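The numbers here are math on the coordinates, done by the rules we state, and not lab data. Every value quoted in this text rests on a predicted model; they were computed, and no experiment measured them. Quick reminder, even Gly has a Cβ in these numbers, built from the backbone with ideal geometry, and neighbours come from all protein chains shown.
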Amino acid sequence: MPTATGMASEIGQAGVNTTANAAMGSGAATTTIAPVSAAATTAVKTAGKKRLIIIIAAIVAVVLVVAGAGFGTYKAQLWGGKTVPKPADLGIAKSSKIHEFTAADVEASLHKRGFKTTIKQTFSAKPKGSFIGYHNIQANKRYSASDPITVIASNGPGVPEGTRGQSVRKIQKSVAGMGVPVHYYKVIVTDQKTPADTVIASYPTDGQPVSDTKTGINIGVAEQGKGVGYDIVGQDKDQAKQQYASAGFNVTLKPRFSSKARIGKIVDSNPKPGSAANGGDLTLYYGIDASGFKDAVNEKNVSPNSNMAPTSEETLEGTAAPVEGTYCNNAGKCITFSGSANQKPNEGPRTYSSEAPEQLNGSALYDFGDQLVFCGSSQQALCSPSSEPNALYAGDSGAFELTPYNSAFTFKCGNSAMTPDYGFCVNGQRLSLDHAGEPGVSATPSGASYEMGPLYVYFPVGSDVSKVTESGYFDKDSVAKAAQQKKIDTSRPFFISRDKSLYDKSSVNINSVAMPNPFAPSFGTKQKTLEPVKPAPSDETAYYLVEDPQLDWGSLPEYVIDGDNRGKSTAKGDDNGKTAQPAAKDATPDQILTALAKGDFMPIAGSYCLNSGECMQLSKEGVLTGVNKQYDMIAHEGSHLSLDNGSNGSADTTYSPNKPYFILEGPDSEYTCDGGVGLSQCSNVMMNQMNTTPTKLLYVFKGADTSAWYRENDDSIKNPGFLYTEGADDPTQAPTDRPYITIMNSHSTTSMAPPHPNSVYYLKE
């Protein structure tokens, strides 16, 4: 199509010598056009201009139409990118649970609008799952639909990754913005490499979420000093033992599973790394891999007083102590395996999971029922690999199962836990063996079922994951799914926690005494009974060991930043980041127990005095001073006390009128005997042959009803364990108009009468 300019040119040249050639066959004809008159020329020019104007107008009209259509389609976001809306403009509602827009809803809505989206988790004061914002993109601006949009989701409060190793002043604002209390503590280091004021530890650990918003965040700050330095972690085990033995400590080495980088090196200690301990018992835990498992749990760890008969093969103790530590998955969920807080001499170590199994009535038949076992053992019974060939520990993969004892060896009778050797389960009722032969009593259970309990499949460093996976141990569909996910990091110990929600059935009725438990490992039998485990191992399903030993936070002195801690959280109800505790005279029993469970003695700190005027002092850190020398065998000056979980239960932090007291106990280093110092050296000595035993105090709440302690044959109030229940020579009751403490003598065979008004130390108000 000729242009407007081209047309005008043609018209302007009309009448000038113009030759038109027309091809006609093989020849051509040439015609000469005669000149035209001036009037004719003017007429042609006028017509050309009009035609030009019409053409230009048409072109402009077309351009305007095209431009208008382009603007409309641009505005309609058919091209040129799209506007990223604010959550309020997406047509979604705030979550009724957290009263916030959720990141998942924002992402789903953007995805429907054609955007490519991903979600990134970050710690914040907002509830978990809340929408925080977009990464590198602003709302109400246009972006190409091909540009991926990162939606930032809150993972709740936590310790930002990279906090450790930074100056405390540099991380102060970031942790303060989490909306939970933040506490700073001095942590001893003995090397010269760590600069003062460096963050070297935290709770939760670096990159992990806050598990208790009331406790909040603890930050450990390096300070040069004497004691068990935090820098002991990572030292060669033999060098560390020699160093601390030279410093006056009685050192014992014990194995724990560790990452590949820390095998043969210190991973934790007791007293904890960073403590200001000065001599006494010191247990150093060093790293091992799969090759060290059987040595760590073999029969040499069993007390020489054990009555177990020796066998011709290697036998194992069945304790899970080497697995102790905290393990977390990539989603931030954590499970802690920890030892019993009230270990006694001549008692094998016990390990428990923080993921408590569902409790059944009657589980108290076994006070060790929640301890983790890897074979058919309880307490100190030994395990025989040849009798349990299908149990993972008996193989050569290096892996093993862990399950609470009750989950592996009990079943459900009605609503109660029961074991086969107890008797009979008839219509959901437990009957003892005394009912044998009675009408309707049969060995075949009725109203009984096996219930799926926790199961952890543990893989130390050096174990053969593929061998277990390829053996059919894990569900085949789960294995196929895991193969599409990121591979396991085998340089760290990890376990797979069986996921109950992935199974169609988690309970099966028992129809025969010979029916095996399909949810329990093949302990105590050569028959393979366990259903394939779900999920299978992958980086997404694994719980990895968090190799960051926690401190004894309650014993550490406070660290103050430049004269104040204004960078601490100012969460509601918080005083400069610390939750205010009432004075001892005002504290409720629940407040006291909750604080003590965290190592905070503030609610009961103060002076406690006899009627004679003699006093003892209990500090807010739990240190007892002013102890009369007449008690030098059973109570000690400077004893660092802690809540005796054996008396009150590690999770029992709620006051009960049936137990109007709790017990405080000193450290194991206060055991002394002819064989040495500490529980490990005196474990084979009878209690009445100890030279000294740890301090033990009974604390009785203000207003408690203790009258049953002074009446014959009345156990309506639970007995602390050392008091007469059949009366005493002087049954005068110690009044409870004030809280009091009294020194217990339960470590020897000498009995004590109930507390007398002249033998108890009352809080001095």
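Odds and ends about this structure:
- With a threshold of 23 Å on the Cα-Cα distance, the over-threshold entries among LYS82/LYS116; LYS186/LYS620; LYS193/LYS237; LYS214/LYS620; LYS260/LYS526 are LYS260/LYS526.
- Summary value for the range 144-201: 44 percent relative contact order, contacts being C-alpha pairs under 8 angstrom separated by 6+ residues.
- Computed lengthening from ASP147 to ASP590, 0.36 nm per intervening residue step minus Cα-Cα distance: 154.0 nm
- Peptides 486-498, 184-196, 148-160 ranked from most to least packed give 148-160, 486-498, 184-196, packing being the mean of other C-beta atoms within 10 angstrom over each peptide's residues.
- By average C-beta atoms within 10 angstrom, highest first, the peptides 661-669, 272-280: 661-669, 272-280
- Highest average first, the peptides 110-119, 459-468, 502-511 ordered by how many other beta carbon atoms sit within 10 Å of their residues are 459-468, 110-119, 502-511.
- Along principal axes, Cα extents of the range 378-453, largest first, whole Å: 50, 22, 21
- Residue separation of ALA108 and ASN140 scaled by 0.36 nm, minus their Cα-Cα distance, works out to 9.7 nm of gained length.
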